[in-house]
Amino acid sequence: MVPLPSFHGAEGFDCGVLLGREAAVGLVHHGREACASARPVETADAVRALPVWQD
């Protein structure tokens, strides 16, 4: 079960998605990869330094 923010307000998590085992494992794996490649962005200058891709 993946809880999702409420459609009726930002305060609650009153809905979710039920995933099968394979999908849940894939989601966890994706999250781990995203965290491993993440870097802190703590200032406005750090945000401005981020690369921007445009189509």
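The values are calculated or read from the model by the stated rules, or taken from the named source; none is laboratory data. Keep in mind the model is a prediction, meaning the values are calculated, not measured. Note: accessible area is taken over every heavy atom of the protein model, side chains too, but ligands, DNA and RNA are not part of it. Shrake-Rupley method; radii C 1.70, N 1.55, O 1.52, S 1.80 Å.
Here the sum of -39500 (n - 2.57) over DSSP H runs of 4 or more residues, divided by the residues of the chain, equals -11500 deg cm²/dmol at 222 nm, to the nearest 500.
Solvent-accessible area of the chain (1.4 angstrom probe, protein heavy atoms only): carbon and sulfur portion equals 61 percent. Separation of segment 28-55 from segment 7-27 is 23 Å, based on Cα centroids. Compared with the dominant principal axis of the Cα atoms in the chain, helix 21-36 is inclined by about 20°.
Counting only the Cα atoms, the chain fills a convex hull of 167 Å³ per residue. When the Gaussian network model of the chain links Cα atoms closer than 10 Å, the mean-square fluctuations of 20, 31, 12 top out at 12. Counted residue by residue at 0.36 nm each, then reduced by the alpha carbon distance between them, the extension gain from residue 24 to residue 52 reaches 7.0 nm.
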